[in-house]
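First up is the structure itself, then whatever we jot down about it.
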Amino acid sequence: MTFRTRTFVGVFVAASLALAVSTLLIERAMRDYLRRDIERGLMSETRLAAALLAHRGALTDPDGDADALGRIVGGRVTFIAADGRVLGDSAVDAAQIASIENHGAREEVVEARRAGEGSATRRSATTTVETLYVAVAVPDSPMAVVRLALPLTVIEDRIGRVRGLALVGLGAGLVAALVLIWAASLVINRRIAAVADAAARYRAGDFSRPARDHGADEVGVVANVLDDTARELGARLTEMARERAHTDAILTGMAEGVLLVTAAGRLVLTNPAGRAMLRLPETPGDRHYLELVRQPDVAALVARALAGESPASIEVELDPGSRQTFIAHVVPVDAVRGGGAVLVLRDITDLRRADQVRRDFVANVSHELRTPLTAIRGYVEALLDGPIQAPQTREFLEIVDRQSLRMDRLVRDLLRLARLDAGQETLTLGDCRLVDVIGAVTSDLDTTLRARGQTVQVALAADAAVVRADPAKLSDALRNLVENASNYSPQDGQIEVATTRDQDCVILRVADRGPGIPEADLPRIFERFYRVDRSRTRDPGGTGLGLSIVKHLIELLGGRVTAANREGGGAVFELSLPAPSGPPA
Ligand code: ADP
């Protein structure tokens, strides 16, 4: 049943009840009033009749007189003798008068004879209708009492007419109420429908059109309150959505894996890193964490946090054999926030690897320093122990000198690497003519090359004669490569230095005809302290850091360095360096 129907039925019933009750009350008041009025009128007429009949002496035709009087007053008129006999009656034929029952005991007659007037209401034995009787004593007349009777159906007739009118009023009132209620409900209904429509839209999350109703009545108040609430709710929802988006962005951008588990152990939130680390599906769904987190140590950690503990972080390998190390950290969520646990996974493989590299480096440095140090100590002790022949002393001192030189080189190279690592070497970039750089390097190494009968053949392409670089750093790198080439080249060998152009780069090649580098070692020769085979080099005093420094220097210049073997034997190192931005000089 709609609100409109209910309002209508309610008002209709109320209006009908009001009209029915008022009609009933009016009817009762009307009946009393009419009865009293009729009684009063009847009494007056009876008194008048009694006054007319008094002192008239004997009546010749009492029944005819009663009939005439009855016609005048429009009621039944009865003349009663002092002994109660009926002398005339307007409702009875003259022939039957004698047979009428004696009226001396009638209540109104008794009363009239006693007090002069009397009245009574009862069902008439003659007419069988409810009748009002009024009797008045007639002085000085053979007829002792005159009685007028009026059937009370008159009252019912009049009341009936009044009731008829009331019913017409009721009908008219109801029709008016119907129209008014319909019109009122139409207006209210339209407003309520608008509010209900807005409420339905709010529920669907659409806050675009407000429910605002400018009326000051209850519907207006409801609409305005609803609208205010919806607006506030909408603003909060937008704020929440924005916060959620921020959280999502943070979680998505995080390198750490994050998982949120409810107090019941259901997985409710994961970020991409976490899913990748634990090999979870893209949408894990609302499943128990034990179904998804297979790593027993991590699962146990989550279980402890769910039990309310704050366990210490653990280091785990999520994929056996992957050599990837993770730190798993779990924190319980406060019970007031719904309980549960947050698991954070951090990949510390690189950290561990860097740690290992550092440890290896320290071990290598110690080892590299100890070798010359042991030699120096041994020969110094031998010298101190003396006495030694003069030529032997010289030999020992030369060894001490060579070893201390080697230590010096090592420390210098280490310091240089440290400076390069820390980005402390400043760059002075400019266009370098390669013929100058190569010339400077070969003349620096001239003594050594001459001693070994080695020659350096230079071949520069016209479009690859200049590079954009820091000349000092480039010649350091080149010197190292040419030195290596000389060290590994045979006596009287030839070292080739050539350049070619490759788009925006100049390729500088240093090639020799030495033993080359075993293929397996090629990827590692730029590592610190990596040596292929100590016995192969002519100068075992190399620090093992040379190529590592070359790589650092060339990368600092924005280039790349690679190593390869030549066809027909020998190694070739290729430096790729940026060509100058302008036209070739
Ligand atoms: P070192 O100071 O010991 O030469 P480098 O870093 O310069 O150290 O070289 C690393 C290793 O690379 C050397 O030990 C050597 O085995 C190998 N190597 C370097 N240059 C050559 C080359 N031209 N021919 C053959 N092997 C080379």
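Computed quantities for the displayed model
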| quantity | calculated |
| --- | --- |
| Listing of strands (runs of 3 or more DSSP E) fully contained in the stretch 478-568 that carry 3 or more residues being without any contact (Cβ under 8 Å) to a residue 60 or more places away in the chain and more than 8 Å from the ligand (Cβ to nearest atom) | 494-502, 560-565 |
| Selection within the stretch 51-60 - open to solvent by 80 Å² or more (accessible area, probe 1.4 Å) and in a loop (DSSP other than H, G, I, E, B) | H55, R56, A58, T60 |
| Restricting the stretch 1-22 to residues that are β-branched (V, I, T) and modelled with pLDDT under 80, the residue that is most open to solvent (accessible area, probe 1.4 Å) | T2 |
| Number of positions in the stretch 456-477 that are touching a residue at least 60 places away in the same chain (Cβ under 8 Å), in contact with a helix residue (DSSP H, G or I) (Cβ under 7 Å, 6 or more places away or on another chain) and assigned to a helix (DSSP H, G or I) | 4 |
| Unique match (being charged (D, E, K, R), touching a Lys or Arg at 6+ places or on another chain (Cβ under 8 Å) and surrounded by 10 or more Cβ atoms within 10 Å (Cβ to Cβ)) among E243, E315, E256 | E256 |
| Any hit, the stretch 322-344, residues being part of a helix (DSSP H, G or I) and aromatic (F, W, Y) | no |
| Residues that are open to solvent by less than 40 Å² (accessible area, probe 1.4 Å) and in a loop (DSSP other than H, G, I, E, B), drawn from the stretch 63-86 | G75, G84 |
| Residue match in the stretch 344-360 (condition: β-branched (V, I, T), under 30 Å from M407 (Cβ atoms) and modelled with pLDDT under 90) | yes |
| Some residue of the stretch 87-109 being open to solvent by 80 Å² or more (accessible area, probe 1.4 Å) and within 22 Å of R36 (Cβ to Cβ) | yes |
| Strands (runs of 3 or more DSSP E) (entirely within the stretch 111-213) containing at least 3 residues that are open to solvent by 30 Å² or more (accessible area, probe 1.4 Å) | 117-123 |
| Residues (closer than 20 Å to L53 by Cα and assigned to a helix (DSSP H, G or I)) located in the stretch 87-110 | A94, I97, E108, V109, V110 |
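Every residue, every condition in (1) within 30 Å of D463 (Cα to Cα); (2) open to solvent by less than 90 Å² (accessible area, probe 1.4 Å), yes or no:
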{"site": "T371", "(1), (2)": "no, yes"}
{"site": "E395", "(1), (2)": "no, no"}
{"site": "M407", "(1), (2)": "no, yes"}
{"site": "V437", "(1), (2)": "yes, yes"}
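The values are calculated or read from the model by the stated rules, or taken from the named source; none is laboratory data. Note that the coordinates shown come from a computational prediction; the quantities given were computed from them, not determined experimentally. So basically every Cβ, Gly included, is an ideal-geometry build from the backbone, and we count neighbours across all protein chains shown. Ligands, DNA and RNA are excluded from the accessible area calculation, which covers all protein heavy atoms including side chains. Shrake-Rupley method; radii C 1.70, N 1.55, O 1.52, S 1.80 Å.
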